1. Take Tyr269 and tell me if it is open to solvent by less than 70 Å² (accessible area, probe 1.4 Å), at pLDDT 95 or above and of a type in the set (Ser, Thr, Tyr).
2. Right, Cys175: touching a helix residue (DSSP H, G or I) at 6+ places or on another chain (Cβ under 9 Å) and either surrounded by fewer than 17 Cβ atoms within 10 Å (Cβ to Cβ) or free of Cβ contacts under 8 Å to residues at least 24 places away in the same chain (or both) or not?
3. What is the number of the single condition among (1) touching a residue at least 40 places away in the same chain (Cβ under 8 Å); (2) in a strand (DSSP E or B); (3) open to solvent by 10 Å² or more (accessible area, probe 1.4 Å) that Val198 does not meet?
4. Any idea which of (1) at pLDDT 90 or above; (2) assigned to a loop (DSSP other than H, G, I, E, B) is the one Cys354 doesn't satisfy?
5. May I ask you to verify whether Arg28 is open to solvent by less than 70 Å² (accessible area, probe 1.4 Å) and under 18 Å from Glu317 (Cβ atoms)?
6. What are the residues in the range 31-65 that are open to solvent by 60 Å² or more (accessible area, probe 1.4 Å) and under 18 Å from Ala75 (Cβ atoms), if any?
7. Run down Thr150, Thr134 and say which single residue is surrounded by fewer than 17 Cβ atoms within 10 Å (Cβ to Cβ), in contact (Cβ under 8 Å) with a residue 12 or more places away in the chain, assigned to a loop (DSSP other than H, G, I, E, B) and among the β-branched types (Val, Ile, Thr).
8. For the range 231-251, state whether one or more residues are more than 19 Å from Leu121 (Cβ to Cβ), in contact with a helix residue (DSSP H, G or I) (Cβ under 6 Å, 6 or more places away or on another chain) and not in a loop (DSSP other than H, G, I, E, B).
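The values are calculated or read from the model by the stated rules, or taken from the named source; none is laboratory data. Predicted model, so just to flag it, every value in this text is computed and none were measured. No Cβ is skipped: glycine too gets one built from the backbone with ideal geometry, and neighbour counts run over all protein chains shown. Just so you know, the surface numbers come from the protein's heavy atoms only, side chains and all, with ligands and any DNA or RNA stripped out. Shrake-Rupley method; radii C 1.70, N 1.55, O 1.52, S 1.80 Å.
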Amino acid sequence: MSLSRLARRTILFCSTDFREGARLVRQRLSKSSPGMWNIISCDHDQVEKHLPYCDVAVPLMGKLDRKRIEMGANAKLKLIYQYGAGLEGVDFEAAKDNGIAIANIPAKFTGNGMSTSELALFLLLGLIKKYHETQVSLKNREIGYPLGGTLSGKTVAIIGFGSIGKELAKRLRACEVKIIGVRRGKWTPEDASMCDIVARMDDSMMEEVREADAVVTACPLNNETRGMINSDFLSQMRKGLLLINVARGGIVDKDAVFEGLESGRLGGYAADVHWQEPFPYEEDDPEGFQGGVGPLHALRDKGANVMLTPHVGGITELTYGLQTEMFSDRVEAFFSSEAEGILENWGYVEGNGCALPAITRPNWQFEEEGDTLSLV
């Protein structure tokens, strides 16, 4: 069925953060089916105001809990579609109970692994080269300071060996780094060959990672990984460890980071993800916590080795270009399928994974690849 015969639909991006996504989707759908799509973005505290009027909700970093899902289901909401991979803010059971389809865009299809791994390498190098101190030297009109380190010869543990972890391992290999790979699932011979040492994400992994000079977290946030990098973890690592988080803020315990930087147990902390996203409004954040950015910058100003970015690992022309094409094509196909009565092609995956729409091949199956669910 042609989309020209369908009703005008509304897609709600549930935050004004990551604003390029909504702009690119609007641009793409206006060309492929002009006049058929209303693309809106709202602040995260205005989601409930707009949900009853939307057909598609894009959660971004916001929460779609049972209350919000039922509010949408009682009106027009048919589909929750993440513009990216992470769906930890969505109540799967509530969506299933209310007949709302869920979909995401796994990183392996969009170049997100490449983009985010590049940022992880940038942050790692920034800590090793003491980037913040170099800026202080420039401000003070001083040259030849500080004394930085070298990446070559270091040992780096990558916790989470999905698309981001594998792309990072490729780049680290060129820098003559010893690589320790950690994943929850089984190791294939091909993936294991990318590492010098492999480990499973369980109680035994400390035996392998404790000698690392740097740890990069690149795993999903779930019940098993929440707060995994804590004081106990850091106490078993080398003093001066460099910690880089490009996964989700909740994987790292904030108090352990603050204490580690203050005591010198941590030699540096870099993050592209933060403990509260989206950030609270300034008027609601009188102490300037800003998801942890405030106290980390305060520690940095006292001399701690800290480097932060605003969740831009996957925000590149490559990743957003591919995500926009996939998102737009599939959201159009979803409503064509609905009109034709073949929504059984859109299903759910139980457990920690997420549901991906089967559009061109209704018999698509899913398998666990490292730390994500992907198409076979």
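1. Working: open to solvent by less than 70 Å² (accessible area, probe 1.4 Å): yes; at pLDDT 95 or above: yes; of a type in the set (Ser, Thr, Tyr): yes.
Yes: the conditions hold for Tyr269.
2. Answer is yes for this residue.
3. Failed condition: (1).
4. Only one criterion is unmet by Cys354, namely (1).
5. On the way: open to solvent by less than 70 Å² (accessible area, probe 1.4 Å): yes; under 18 Å from Glu317 (Cβ atoms): yes.
Taking the combined requirement at face value, the residue satisfies it.
6. Selection gives Gln46, Glu48, Lys49, Tyr53, Asp65.
7. On the way: Thr134 fails: assigned to a loop (DSSP other than H, G, I, E, B).
Of the residues listed, the single one that is surrounded by fewer than 17 Cβ atoms within 10 Å (Cβ to Cβ), in contact (Cβ under 8 Å) with a residue 12 or more places away in the chain, assigned to a loop (DSSP other than H, G, I, E, B) and among the β-branched types (Val, Ile, Thr) is Thr150.
8. yes
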